[in-house]
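Input: a single structure, listed below in structure tokens.
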Amino acid sequence: MRKRSGPTEATPCVVLRVVDYGDADRIVTLLSAAHGKISALAKGARSSRRRFGAALGAFGFGEALLEERRGQDLWSLADLSVTRGFPNLPLELSRFGHAAYACELCLHLCPPHVPEPTVLRLLVALLDYLDGLPLSDKPSPLALRIFELQLLLAVGLGLQLYDCAACGGPVPAADLVPLDVRRGGVLCESCFLGPIPEQLGPQGGGLPASLRDLLAQLETRPLAPESLADLSVSPAAHNLLRMLLQSLIQQHLGHALRAVEFIAKMNAFSLEPPG
Ligand SMILES: [Zn+2]
């Protein structure tokens, strides 16, 4: 339960979004360790650049000094110090796009005022991976798939892979199992009547055993360079993965994300495998 008022307290956080507020202030949305996603008023952040310095830039990881304002949803940001700046993210477009997409996902999928230590760790791991890549390398789109799957799982929106999404009963291994994205996962024999579709589309269909195993594997895979390096997924399987996750995310959000359009536009100008 969130307290109605409280003293100033420090918490690790990542800046998800900053918007101007009036002539002098800014509103900052943070993913914090202690309170999950919260919005805070950064007084004077617009009128005086020195007030928060570079700390209010995108993607900064640091410590926020927050004050709860009695009876108000918007907290007050007393101070923000950045301990990890991810300086390489703005230097190359695809990693910037991937980082912006990850922050946008957290912004829309994390409920406010619910502590999300797993999501914060996951986001910092992705930003670390993207920032640490040599500038000549493109980021692996599989890092985004791992991020999406583990984020959905952490906020309670994961795809049900082994228990029936309708009745909760077990769905045994088979070459193809029925998957219904709208219901949130695979279905058992009693809940899915009729022949299992051979094809898999954005709303589901027949989920091949290999893709089911891959989804389960990526849900627990550490998001780190060495873990990504020994992962090999065919372009066809990756396309299916991306389609499923995009449709699952859009269903939960009810709209498309700006960063998805950005990544799609970027891919249109690139011969690299799509993100
Ligand atoms: Zn069932």
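Quick note: the coordinates plus some simple rules give every number you see, no bench work behind them. Since the structure is predicted, the reported quantities are computational estimates derived from the model, not experimental observations. Cβ: placed from backbone, ideal geometry, glycine included. Neighbour counts: every protein chain shown.
Computed extension length for Gln72-Gln246: 59.2 nm, one decimal, from 0.36 nm per residue of separation with the Cα-Cα distance subtracted.
Coordinate range of the alpha-carbon atoms in segment 9-85 per principal axis, descending: 33, 30, 17 Å. Multiplying the residue separation of Ser48 and Asn88 by 0.36 nm and removing their Cα-Cα distance gives an extension gain of 11.8 nm.
If you add up the charges near Ser48, with Lys and Arg at +1 and Asp and Glu at -1, over every other residue whose beta carbon is less than 15 angstrom from its beta carbon, what do you get? The partial results should precede the final answer.
Details: positive: Arg26, Lys43, Arg46, Arg49, Arg50, Arg51; negative: Asp20, Asp23, Asp25, Asp79.
Around Ser48, the charge tally is +2.
Once both labels are positioned 7 Å from their Cα atoms along Cα-to-Cβ, the gap between Ser210 and Asp79 label points is 5.6 nm.
Over the residues of the chain, the helix contribution to mean residue ellipticity at 222 nm works out to -11000 deg cm²/dmol, using -39500 (n - 2.57) for each DSSP H run of at least 4.
Protection proxy ranking of 135-146, 198-209, by the mean of other Cβ atoms within 10 Å over each peptide's residues and highest first, is 135-146, 198-209. Across segment 120-130, coupling constants 3J(HN,Hα) worked out from phi with the 6.51/-1.76/1.60 Karplus curve, θ = phi - 60°, read 4, 4, 5, 5, 5, 4, 5, 4, 4, 4, 5 Hz, and Gly and Pro carry x. Amide H contacts of Asp79: Leu65, each under 5 Å away and 5 or more positions distant or on a separate chain (H built 1.01 Å from N in the peptide plane; Pro and chain starts excluded).
Quick one: order Asp23, Asp180, Asp79, Asp213 by neighbouring beta-carbon count within 10 Å, fewest to most. Please list the in-between numbers first.
Numbers: Asp23 7, Asp180 19, Asp79 16, Asp213 12.
Starting with the residue having the fewest Cβ neighbours, the order is Asp23, Asp213, Asp79, Asp180.
The H on the amide N of Gly185, modeled in the peptide plane, is under 5 Å from the matching H of Gln160, Asp180, each at least 5 residues off or on a different chain.
Restricting the calculation to alpha carbons of the chain gives Rg and Dmax of 20.4, 66 angstrom.
Local charge for Leu245 was computed over the other residues whose Cβ lies under 12 Å away, with Lys and Arg +1 and Asp and Glu -1, and equals 0. FRET efficiency for the Glu189 to Asp230 pair, using the beta carbon distance and R₀ = 30 Å, is estimated at 0.25. Starting from the amide H of Gly204, placed 1.01 Å from N in the peptide plane, find each other amide H under 5 Å away whose residue is 5 or more places distant or on another chain. For Gly204, the qualifying residues are Val181. Using 0.36 nm per residue and subtracting the Cα-Cα separation, the extra length available between Lys138 and Asn239 on full extension is 34.6 nm.
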